[in-house]
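The values are calculated or read from the model by the stated rules, or taken from the named source; none is laboratory data. These numbers come from a predicted model, not from an experiment. Cβ atoms come from the backbone with ideal geometry, glycine included; neighbour counts cover every protein chain shown.
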Amino acid sequence: MGTVENYLQHLEGKGFQFQEDAIGFIFFGKHYTNASDEMINTAIELTLKAQKSFDGSFYVSLLETLISNKINTRKDAIRFVKEKELLVI
């Protein structure tokens, strides 16, 4: 997926529009959790799949949950949310 900036551009190219507050939440979560770009991008992806739009508080909560459970890859994140039944994807 690359950098967070590239991923956001990719999503915008697919029609997702991120308001300034959403961008703020994304980068707040990144700095707050010190998560990798891969984990930030995964949290954005899972938030969009679960909520059908970007929900900043859902995203930050999901990201905190993934990081606190030492989830480091997209594959592990998807497995984790399915096993814990946090999301149906």
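Output yes when any residue across the range 26-33 is of a type in the set (Phe, Trp, Tyr), more than 13 Å from the chain's Cα centre (by Cα) and part of a helix (DSSP H, G or I), and no when none is. The answer is yes, given that some residue of the range 26-33 is of a type in the set (Phe, Trp, Tyr), more than 13 Å from the chain's Cα centre (by Cα) and part of a helix (DSSP H, G or I). Taking into account only those residues within the range 56-89 that are assigned to a loop (DSSP other than H, G, I, E, B) and of a type in the set (D, E, K, R), which is nearest to Gly24 (Cα to Cα)? Here the answer is Lys70. What do you reckon, is Leu62 touching a Lys or Arg at 6+ places or on another chain (Cβ under 8 Å) and either modelled with pLDDT of 95 or more or not charged (D, E, K, R) (or both)? When the stated conditions are applied, Leu62 does not pass them.
The single condition from (1) at pLDDT 95 or above; (2) closer than 17 Å to Glu5 by Cβ that Arg74 fails is (2). Each residue in the range 34-55 was checked for being part of a helix (DSSP H, G or I), surrounded by fewer than 21 Cβ atoms within 10 Å (Cβ to Cβ) and either under 9 Å from the mean Cα position of the chain (by Cα) or modelled with pLDDT of 95 or more (or both), and 4 pass. Whether a residue is over 10 Å from the mean Cα position of the chain (by Cα), part of a loop (DSSP other than H, G, I, E, B) and within 14 Å of Tyr7 (Cβ to Cβ) was assessed, and Phe18 passes this test.
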